[in-house]
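**Student:** After the structure tokens below, expect a handful of questions from me.
The values are calculated or read from the model by the stated rules, or taken from the named source; none is laboratory data. Here the structure is a predicted model, which is why all the values come from computation and not from measurement. Reconstructed Cβ throughout: ideal geometry from the backbone, glycine too, with neighbour counts over all protein chains shown. In case anyone asks, the SASA skips ligands and DNA or RNA and just uses the protein heavy atoms, side chains included. Shrake-Rupley method; radii C 1.70, N 1.55, O 1.52, S 1.80 Å.
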Amino acid sequence: MRDPDRRAREWLAAAAGDPRECKRQWRSAAGVALLTCGRFWDVLSVSEELGVRALDALLCIPQPPGPALADADSRRVGFFLPPEPSGGWVGPDVRYLGRGARIVAPAPNRVAGPLRWLVPPDGLGTLFVPAAMELALQQAVASLAVQVRARRRCPTCGASAADAPGS
């Protein structure tokens, strides 16, 4: 195993109740383990549609990204942030997982499957910066709003669907 992979595995497993058992679970058929938030990181979970757009924005800034976890079954993206005791993240369908909350996570090298890393942990403890995360989410919400408005317009003439004859 390469050194960065080993560091990432050790860093992530340290958040489990039993790091050795965690690594054993990652090697099992299920390939996932239960990790506790609040000590090394918290997780901000948003809808997949919002999360993918926010991640695109975050990857455009000259700052190393933190880990981002995708769950295809629940259609959500989780962003790893520094532990924040206040947990002041609010919004429609936003879930903030802080101290004591638990998540299911695959091994850091798993980038395929229904539960996979969009950005795997680097093993150095790099996390998303909350201010950058907030701006990226605002940009993603604005992008989605534009898309929704565009869908409500006639593709031929650009008229609002509410203005179309027969509406």
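**Student:** Can you spot a residue in the stretch 22-30 that is aliphatic (A, V, I, L, M) and surrounded by 15 or more Cβ atoms within 10 Å (Cβ to Cβ)? So that I can check it myself, show each step before the final result.
**Tutor:** Just the residues of the stretch 22-30 that are aliphatic (A, V, I, L, M), to begin with: 29-30.
Next, from what is left, pick out any that are surrounded by 15 or more Cβ atoms within 10 Å (Cβ to Cβ): none.
There is no residue in the stretch 22-30 that is aliphatic (A, V, I, L, M) and surrounded by 15 or more Cβ atoms within 10 Å (Cβ to Cβ).
**Student:** For Gly98, work out the one condition from (1) out of contact with any Gly (no Cβ under 6 Å at 6 or more places or on another chain); (2) closer than 22 Å to Ser47 by Cβ; (3) at pLDDT below 95 it doesn't fulfil.
**Tutor:** Going through (1) out of contact with any Gly (no Cβ under 6 Å at 6 or more places or on another chain); (2) closer than 22 Å to Ser47 by Cβ; (3) at pLDDT below 95 one by one, Gly98 breaks only (1).
**Student:** Then there's this: So which of Val43, Val52, Val77 ends up being more than 16 Å from Pro114 (Cβ to Cβ) and among the aliphatic types (A, V, I, L, M)?
**Tutor:** Numbers: Val52 fails: more than 16 Å from Pro114 (Cβ to Cβ); Val77 fails: more than 16 Å from Pro114 (Cβ to Cβ).
Step by step, each of Val43, Val52, Val77 is checked, and only Val43 is more than 16 Å from Pro114 (Cβ to Cβ) and among the aliphatic types (A, V, I, L, M).
**Student:** Can you find a residue in the stretch 67-75 that is closer than 22 Å to Val141 by Cβ, open to solvent by 70 Å² or more (accessible area, probe 1.4 Å) and in contact with a helix residue (DSSP H, G or I) (Cβ under 8 Å, 6 or more places away or on another chain)?
**Tutor:** Yes.
**Student:** Report, by residue number, each residue of the stretch 85-118 that is in contact with a helix residue (DSSP H, G or I) (Cβ under 7 Å, 6 or more places away or on another chain), closer than 26 Å to Ala131 by Cβ and either open to solvent by 60 Å² or more (accessible area, probe 1.4 Å) or of a type outside the set (A, V, I, L, M, F, W, C) (or both).
**Tutor:** Across the stretch 85-118, the qualifying residues are Pro108, Leu118.
**Student:** Has the stretch 30-47 got any residue that is within 27 Å of Ala140 (Cβ to Cβ), charged (D, E, K, R) and either in contact (Cβ under 8 Å) with a residue 12 or more places away in the chain or in a strand (DSSP E or B) (or both)?
**Tutor:** There is at least one residue in the stretch 30-47 that is within 27 Å of Ala140 (Cβ to Cβ), charged (D, E, K, R) and either in contact (Cβ under 8 Å) with a residue 12 or more places away in the chain or in a strand (DSSP E or B) (or both).
**Student:** Condition test on Gln63, is it open to solvent by 50 Å² or more (accessible area, probe 1.4 Å), at pLDDT below 95 and either more than 19 Å from Gly125 (Cβ to Cβ) or not charged (D, E, K, R) (or both)? Reasoning before the result, please.
**Tutor:** Working: open to solvent by 50 Å² or more (accessible area, probe 1.4 Å): yes; at pLDDT below 95: yes; either more than 19 Å from Gly125 (Cβ to Cβ) or not charged (D, E, K, R) (or both): yes.
Criteria met by Gln63.
**Student:** All but one of (1) of a type in the set (Ser, Thr, Tyr); (2) over 20 Å from Thr126 (Cα atoms); (3) at pLDDT 95 or above hold for Ser45; state the number of the condition that does not hold.
**Tutor:** All conditions pass for Ser45, except number (2).
**Student:** Related question: Out of Gly51, Gly17, Gly78, Gly38, which single residue is surrounded by 15 or more Cβ atoms within 10 Å (Cβ to Cβ) and over 18 Å from Ala132 (Cα atoms)? Break it down stepwise before answering.
**Tutor:** Numbers: Gly51 fails: over 18 Å from Ala132 (Cα atoms); Gly17 fails: surrounded by 15 or more Cβ atoms within 10 Å (Cβ to Cβ); Gly78 fails: over 18 Å from Ala132 (Cα atoms).
Criteria check complete, one pass: Gly38.
**Student:** Determine which single condition Arg6 fails, assuming it passes every other condition in (1) under 15 Å from Asp122 (Cβ atoms); (2) at pLDDT below 95; (3) under 20 Å from the mean Cα position of the chain (by Cα).
**Tutor:** So Arg6 meets the others, but not (3).
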